[in-house]
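Working notes, structure below.
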Amino acid sequence: MTSRKSVLVLGGSSDIGRAAARAFARSGYDVGLAGRDVAVLEPDAADLRARYSVEVGVYRFDVLDTAAFESFVGSLPALPDVVISIVGLLGTQESAQSDLAHATTIMRSNYEGPSLILGLFAEKFLTRGSGTLVGVSSVAGDRGRALNYIYGSAKAGFSAFLSGLRARASRGGVHVVTVKPGFVRTKMTEGMKLIGPLTVDAPVVGDAILRAVENKTDVVYVSGKWRLVMLIIKTLPEAVFKKLKF
Amino acid sequence: MTLVSGWGRFPVVDTDLLRPRSFEAVGEAVADVTGSVARGNGRAYGDAAIGTARTVAMTGFDRIRSFDPVTGRIRLEAGVLLADLIDTFGPRGFLPFVVPGTRFVSVGGAIAADVHGKNHHCEGGFGRYVDRIQLATGEGETIEVSREQNSDAFFATVGGMGLTGVILEASMRLRPVETGWIRERVIAASDLDAAMRALDAGDTATYSVAWIDCAARGRSLGRSLIYLGEHAGKDELADGADAFPLGRNPGLAVPIDMPSMTLNRYSIRAFNELYYRLGARRAGGSQLVSLYPYFFPLDSLADWNRIYGKRGFLQHQCVIPEAGARDVLGDILDRVARRGDASFLAVLKKLGQGDGLLSFPLPGYTLALDFPVKGGILEFLDEIDHLVVAAGGRLYLAKDARQSRATFEAGYPALPRFNAIRKSLDPKGNIRSKLSQRLFDEV
Ligand SMILES: Cc1cc2nc3c(=O)[nH]c(=O)nc-3n(C[C@H](O)[C@H](O)[C@H](O)COP(=O)(O)OP(=O)(O)OC[C@H]3O[C@@H](n4cnc5c(N)ncnc54)[C@H](O)[C@@H]3O)c2cc1C
Ligand SMILES: NC(=O)c1ccc[n+]([C@@H]2O[C@H](COP(=O)([O-])OP(=O)(O)OC[C@H]3O[C@@H](n4cnc5c(N)ncnc54)[C@H](OP(=O)(O)O)[C@@H]3O)[C@@H](O)[C@H]2O)c1
């Protein structure tokens, strides 16, 4: 154990998770990387140690295995200062429309699991009286669209959960950040046509998360242009919105 | 399929651009098709980093495997950018031994082109500091190559333009430094003779380079500013100065393709005149400059290649053996000045012996010039190539998009050996780039 601050990244294998871990390690945090496959986390752990001489641990974590959450939190060597949930699943809207199992997995991976695990950490943080929780949601949660409302509605639920938790926890010295990426070039969006000027690389999101934690920001859009884009999309009347094909 | 080009934006080629996520996937990507090559950060100017069928993007492999802060030995994945290495390990007292004129190149690309820096005359190229390379061959097998093990493959891979296989990982040494500052001395040279004399006198300097005003003619032909540099020690810094100020990421970018009109002989001449006069004012004394503007003056403007317009541009970089270099360089510069559309600036510097079979450097002077792609330029450069070949020189493959096979074969006498090694590593000929199709492969 060191006297440095520590961050736990749930979904450490994702491009955004790797970028966030680097940003925090660069500014001196010890890091925990959690994910389903510990073997894929090891090279990233070695990378962080070699670059920044910080302590890095890797932990097995499956966001669908809610029954194991209590013991997962209990098994950590120490309660971190910051916990970031980056876990998410885009899935396939079209199959999710008729395949209930797939729809359920999308909903659980983006809403149920991330909310429950951050909620659990929130209780520990409130007992301690400090800590920051970060949830990576999505602009897709700001309004359900025809092309991805199953994923979008789960993100909307997660955003609402974070908003409520923030209001409650802020009185107990615990801060909650909601991160809403727009388009990010990652494994999730590989091969998709993204709109260049509205798209960022994962390190931009990683840096934005670090800044939001340090500045105690409540809600961040990345890139910031999405705040305006979503404002417009949210204010379109349903009569107009339902005719749009996206 | 994706349209891909090099930094010069010429040629533009449709290719199957893959972004594998594991080394196994890299092996599969090259083994199951005829005509693929690795791509780093796309800073080679021409067609070197584009496969004839498939292009394997490597920048996702950006992990450091291990680092020894005592010796400076590092093992890393090939997609790590030198910019990342400098920002991460500079503040800890270590820098790459060799850096090219942009820091946005990958380690794999730096090995494959055996890139040279301003210190080649005394410290050699990038490959000299690489001990081991892990390579995925065209068969999809992973092999280790070093000076001791598979040494033929090692010396073919250093400078081999990706044609021996995909570099997955490398082990190399970093240079210990006390600060991120360079003590720079600027010398104004009024013509080519003075410039070459100043470079010769700079042989003992760790870093030396000359920026030539290629619009100057007549008695001023070859008029230059020579920049010499040494790593500054801690004791040279003012009290309280930051020992390693980080370079900023390029904030300014060229947002659109500029109309080709922007660069004409008048704007170039005016720019060069101004540049020379401003530089000449700094000449004489010595000053501390951050390593970022010293090594990477162009990196502060993102996407600067767009100022040449949609049709792109060509860089011509040759090296001329020391003996007789003066006359050939004078001849080339004179033709360039008469033509009037060469780059803002030409770069002249001295090189030492290269290490790889196809490494570009040989003891002599290298001259680099940029030209917008437009009428008559290909014929003009062919004439320059004749001068280069007649003088026993060669062209840099990392900058090339148009040299002829004859020019290439004359310049690289080790080519048959290289081809034999390549064949033994990749009997089916799976690894092929647009560059190899143009210059190496049997037709
Ligand atoms: C502004 C500017 C200044 C420059 N200054 C210099 C200079 O001073 N000195 C100098 O030597 N060069 C210089 N260059 C050229 C540049 O350093 C080289 O072209 C370098 O190879 C680019 O690296 P990259 O990662 O962008 O590789 P790419 O351009 O993507 O590829 C270059 C070559 O390397 C191969 N390659 C890339 N990655 C791998 C890999 N993992 N395994 C196998 N092969 C691979 C490709 O197949 C290709 O043949 C400059 C370029 C620019 C744009
Ligand atoms: N990319 C974008 O444009 C974009 C836009 C808005 C929001 N987001 C959000 O950003 C976050 C990161 O996404 P990304 O783009 O970096 O894509 P990604 O690489 O696909 O990230 C998804 C992450 O979630 C993990 N995960 C999925 N199911 C899990 C489970 N059951 N248990 C544990 N971990 C699980 C994945 O782990 P494995 O590696 O094990 O699969 C991976 O680490 C996601 O929440 C995503 O919704 C992304």
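Brief remarks on what is shown
- Residue selected from the range A:23-41 under the condition away from ligand 2 (no atom under 15 Å from the Cβ) and surrounded by 20 or more Cβ atoms within 10 Å (Cβ to Cβ), by the criterion farthest from the other protein chains (Cβ to nearest Cβ): A:ASP30
- Test for B:VAL443: is it open to solvent by 10 Å² or more (accessible area, probe 1.4 Å), farther than 18 Å from B:VAL319 by Cβ, among the aliphatic types (A, V, I, L, M) and more than 20 Å from the chain's Cα centre (by Cα): yes
- Counted residues, the range A:63-112 - those being surrounded by 15 or more Cβ atoms within 10 Å (Cβ to Cβ), under 30 Å from A:ARG4 (Cβ atoms) and of a type in the set (Asp, Glu): 1
- Considering the range B:13-29, the residues that are under 16 Å from B:ILE167 (Cβ atoms) and touching a residue at least 60 places away in the same chain (Cβ under 8 Å) include one that is surrounded by the most Cβ atoms within 10 Å (Cβ to Cβ), namely B:VAL26.
- Residue that is open to solvent by 30 Å² or more (accessible area, probe 1.4 Å) and either in contact with a Cys (Cβ under 7 Å, 6 or more places away or on another chain) or within 30 Å of B:ASP16 (Cα to Cα) (or both), where the choices are A:LYS245, A:LYS234: A:LYS245
- Inter-residue pairs, beta-carbon under 9 Å, first under 17 Å from B:PHE104 (Cβ atoms) and in the range B:32-43, second away from ligand 2 (no atom under 16 Å from the Cβ) and open to solvent by 50 Å² or more (accessible area, probe 1.4 Å), 6+ apart: B:ARG39/B:LEU17
- Within the range A:44-62, the set of residues being exposed (fewer than 15 other Cβ atoms within 10 Å of the Cβ) and either within 12 Å of chain B (Cβ to nearest Cβ) or in a loop (DSSP other than H, G, I, E, B) (or both) comprises A:SER53 only.
- Within the option set B:ILE133, B:ILE74, being away from ligand 2 (no atom under 16 Å from the Cβ) and more than 14 Å from chain A (Cβ to nearest Cβ) holds for one residue only, B:ILE133.
- Taken together, the criteria place A:ALA154 among residues that are in contact with an Asp or Glu (Cβ under 9 Å, 6 or more places away or on another chain) and either farther than 28 Å from B:ASP62 by Cα or within 10 Å of ligand 2 (Cβ to nearest atom) (or both).
- Some residue of the range B:41-51 being hydroxyl-bearing (Ser, Thr, Tyr), under 23 Å from B:ILE143 (Cα atoms) and either away from chain A (no Cβ under 14 Å) or open to solvent by 10 Å² or more (accessible area, probe 1.4 Å) (or both): no
- The range B:139-166 residues that are without any contact (Cβ under 8 Å) to a residue 60 or more places away in the chain and in a helix (DSSP H, G or I), paired with ones that are of a type in the set (A, V, I, L, M, F, W, C) and open to solvent by less than 60 Å² (accessible area, probe 1.4 Å) (beta carbon under 6 Å, 6 or more apart): B:PHE154/B:VAL145
- Test result for A:THR178, hydroxyl-bearing (Ser, Thr, Tyr) and either within 24 Å of B:ARG19 (Cβ to Cβ) or more than 13 Å from ligand 2 (Cβ to nearest atom) (or both): no
The values are calculated or read from the model by the stated rules, or taken from the named source; none is laboratory data. Predicted model only: the values in this text are computed from it and were never measured. Positions of Cβ are generated from backbone atoms using ideal geometry, with glycine treated the same way; all protein chains shown enter the neighbour counts. What goes into the accessible areas is simple: the full protein's heavy atoms, side chains included, and nothing from ligands, DNA or RNA. Shrake-Rupley method; radii C 1.70, N 1.55, O 1.52, S 1.80 Å.
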